[in-house]
Every structure is written in structure tokens, then in C-alpha cells.
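The values are calculated or read from the model by the stated rules, or taken from the named source; none is laboratory data. All values reported here derive from a predicted model rather than from experimental measurement. So basically every Cβ, Gly included, is an ideal-geometry build from the backbone, and we count neighbours across all protein chains shown. With ligands, DNA and RNA removed, areas are computed over all heavy atoms of the protein, side chains included. Shrake-Rupley method; radii C 1.70, N 1.55, O 1.52, S 1.80 Å.
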Amino acid sequence: ERVSGSGRAYRRAFACGLSEVLEGYREDVVQAERRLSDGYGTLPLAELQGRFCEHDLLVSRLHSLVCSVHDEDLGGGALLRRAEELEVCGVPCVERAASVLADSMRE
């Protein structure tokens, strides 16, 4: 059985929330690219690792969530519950992102 009706609305809201969550990653990538193109030539590895370590953790958790949405055909309340579970996972950056996702579906 495919997701239909309000389930699709939850998925659209989830996609909007996901876009919002990934905006910080996009901004950091653009800023690093800008520094490289502005004549810096290189960026210290430690700076790049520091800038992207939180994103690495977050993106891997978001990838798992998106795969679950696809593989389990989640929508509606099941999708909201999955996001709410991540709101209390103990990893601050993931909890913040999960709150954005859940809030987008609650609106």
C-alpha cells in the first residue's frame, strides 16, 4: 500500500524541513568554496574537519532516516513519530534537526 492523502502532505512537509536542516551544510560548503576561490588556495585540514564534523554526523543520520522513509514507505503519523524519536537521541545536532523536521510536519 502506497502513502496517500495526508501521508503525502507529511512527506512534503518533511522534505521542506529537510531542506531547511541542510541549509547550514550548504552555507558551510559555499563559504569554504569562496575562501578557496578568493586566493587562499588551500584550507587547513583541521579547519575543514572542524567545520564539517557535525555535518558528517548529521547527514549520515538524515540519510538513514530518508532511506527508512523510502524503504518502509513511511508517511503520516509514522513519519512524524520517526522524527520525534530522533528528537531524544542524545546527539544535540541530530536532536535540533529532528525538531525542525517534526515541527515542519506539525504545522
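Of all the criteria given as (1) in a helix (DSSP H, G or I); (2) charged (D, E, K, R); (3) over 10 Å from the mean Cα position of the chain (by Cα), the one not satisfied by D73 is (1). Flag: R61 matches the condition of being in contact (Cβ under 8 Å) with a residue 24 or more places away in the chain and part of a helix (DSSP H, G or I). Can you find even one residue in the stretch 45-54 that is in contact (Cβ under 8 Å) with a residue 24 or more places away in the chain, over 16 Å from M105 (Cα atoms) and open to solvent by 80 Å² or more (accessible area, probe 1.4 Å)? Yes, that holds for at least one residue. For the stretch 82-107, filtering for residues that are in contact with a helix residue (DSSP H, G or I) (Cβ under 8 Å, 6 or more places away or on another chain) and closer than 14 Å to F14 by Cα leaves 14.
Yes/no matrix, rows are residues, columns are (1) exposed (fewer than 12 other Cβ atoms within 10 Å of the Cβ); (2) hydroxyl-bearing (S, T, Y); (3) modelled with pLDDT under 95; (4) touching a Gly at 6+ places or on another chain (Cβ under 6 Å):
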{"position": "G5", "(1), (2), (3), (4)": "yes, no, yes, no"}
{"position": "S37", "(1), (2), (3), (4)": "yes, yes, yes, no"}
{"position": "G75", "(1), (2), (3), (4)": "no, no, yes, yes"}
{"position": "E84", "(1), (2), (3), (4)": "no, no, no, no"}
{"position": "R96", "(1), (2), (3), (4)": "no, no, no, no"}
{"position": "S104", "(1), (2), (3), (4)": "no, yes, no, yes"}
{"position": "E107", "(1), (2), (3), (4)": "yes, no, yes, no"}
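Checking C67, C89 one by one, the residue that is within 25 Å of C16 (Cβ to Cβ), assigned to a helix (DSSP H, G or I) and open to solvent by less than 60 Å² (accessible area, probe 1.4 Å) is C67 and no other. When the stretch 25-44 is filtered for residues that are closer than 20 Å to S99 by Cβ, without any contact (Cβ under 8 Å) to a residue 24 or more places away in the chain and touching a helix residue (DSSP H, G or I) at 6+ places or on another chain (Cβ under 9 Å), nothing remains.
Keeping to the stretch 66-81, report how many residues are under 14 Å from A15 (Cβ atoms) and free of Cβ contacts under 8 Å to residues at least 24 places away in the same chain.
So the count comes out to 1.
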